[in-house]
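These notes concern the structure reproduced below.
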Amino acid sequence: EVRRELKVIPAEVKVVEHVRYVYGCRNCERNGTETLVVTAPMPRPVQPGSLASPSSMAYIMSQKYVEGLPLYRQEQHWARFGVELSRQTMANWMLHGAQWLRLVYDRMKAHLLMQDIAYADETTLQVLREPGRTAEQKSYLWLYRTGPFSPAIVLYEYQPTRSGEHPKRFLSGFEGYLHADGYDSYDQVAGVTRVGCWAHARRKFFEAVQALPKQATATNTVAQEGLDFCNRLYAIERQAEGLLPEQRFAIRQEKSRPVLDAFLAWLHMQKARVLAKSLIGTAITYCVNQWDRLQGYLLDGRLEIDNNRSERSIKPFVIGRKNWLFANTPKRAQASAIIYSLVETAKENRLHPFYYLTHLLEKLPQLPNPQDEQALDVLLPWSPTLPLTCRVFTSTK
């Protein structure tokens, strides 16, 4: 008979001493003109002059950006280990570690720009000490990522504003399809075909249905008719799920195109009949104004009907933000963006964030040339040469 239990072995903290021997030639010292001294080699530290190790630095990053544990709670967490580690020290460790991780971040960005399909989104971030701005002013974290038919890359970038100059600069050199919501700033990105988001369009009709008086029935209302059109498009996408891009393209031309044509005619007919500033009027106006972008997903079978892939990727940051609330300075905000990029890309590639960050912080300081692209590509999250310890294996039992 076998009985299984889950046993928890708590984490422990150890002090590791690096000892190396220094040899001197006494004969040379006595009889020669110079004293020969030979020192044994030692791995370069991730942060010289501190107690930080790759694993401790990765642990703090993982606790904050994966588990959502702010530094003041981690300070108490370390105290229960018997270690006095202030939140200021941990913040400095992460700032220093992000400088190493930026090497991989920049390589991931280069690979993203080589793709022909990208996704983008943005959300707010509070930064307390930003030159020329008050702590109450909104700053932004921008998200850029790849799709399902290329290496999984998720990149965040901090910027103080929501200006279109930021995606224009970040995506400079990118050519292809850009999935995004209806925000006009993305129009400043040159050389791209905008692909709209039907989730945003559908949500507006859904909100109009929800706002109907309780005694009214949604059946046969304008709001419900618009929602039904959106639901029909999503039903076709469910039928095409898992098919090859060529097959999805054919199904969309056969089934989605007629629905879209009928929907557009319906929109123009209803636009003159509803109040422009009502919820249903807003939903109809949004679809009419965004129509070229909304039907953009018909152009290629690899494209998706909505931008939900971006929204799913930005959600971990939004959840984490509820715990740690703000960034202290712009430099720390960008460090957070870099760490989040590595963590979320690791998760997308089925890597364990803690072990992957530890691996990077062990290997990056040892590189003879930190700008060696081939050496950096070996460390990318989708590299087949990563050690098995970085990978997540799910038990089927």
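The values are calculated or read from the model by the stated rules, or taken from the named source; none is laboratory data. Please read these numbers as outputs of a predicted model, since none were measured by experiment. Positions of Cβ are backbone-derived with ideal geometry, glycine not excepted, and every protein chain shown enters the neighbour counts. These area figures cover heavy atoms from the full protein model, side chains too; ligands, DNA and RNA do not enter into them. Shrake-Rupley method; radii C 1.70, N 1.55, O 1.52, S 1.80 Å.
Quick one: which residue in 278, 341, 336 is open to solvent by less than 50 Å² (accessible area, probe 1.4 Å) and closer than 20 Å to residue 118 by Cβ?
341
Give 323, 308, 328 a once-over and let me know the one that is polar (S, T, N, Q), surrounded by fewer than 20 Cβ atoms within 10 Å (Cβ to Cβ) and over 29 Å from residue 92 (Cβ atoms).
Selected residue: 308, the only one of 323, 308, 328 that is polar (S, T, N, Q), surrounded by fewer than 20 Cβ atoms within 10 Å (Cβ to Cβ) and over 29 Å from residue 92 (Cβ atoms).
If I ask for residues that are in a helix (DSSP H, G or I), touching an Asp or Glu at 6+ places or on another chain (Cβ under 9 Å) and among the polar types (S, T, N, Q), which ones from the stretch 324-374 would you list?
334, 341
Suppose the filter is open to solvent by less than 90 Å² (accessible area, probe 1.4 Å) and in a loop (DSSP other than H, G, I, E, B); does residue 35 pass it?
yes
Go through 303, 294 for me and flag whichever is in a loop (DSSP other than H, G, I, E, B) and out of contact with any Ser or Thr (no Cβ under 9 Å at 6 or more places or on another chain).
Sole residue among the options that is in a loop (DSSP other than H, G, I, E, B) and out of contact with any Ser or Thr (no Cβ under 9 Å at 6 or more places or on another chain): 303.
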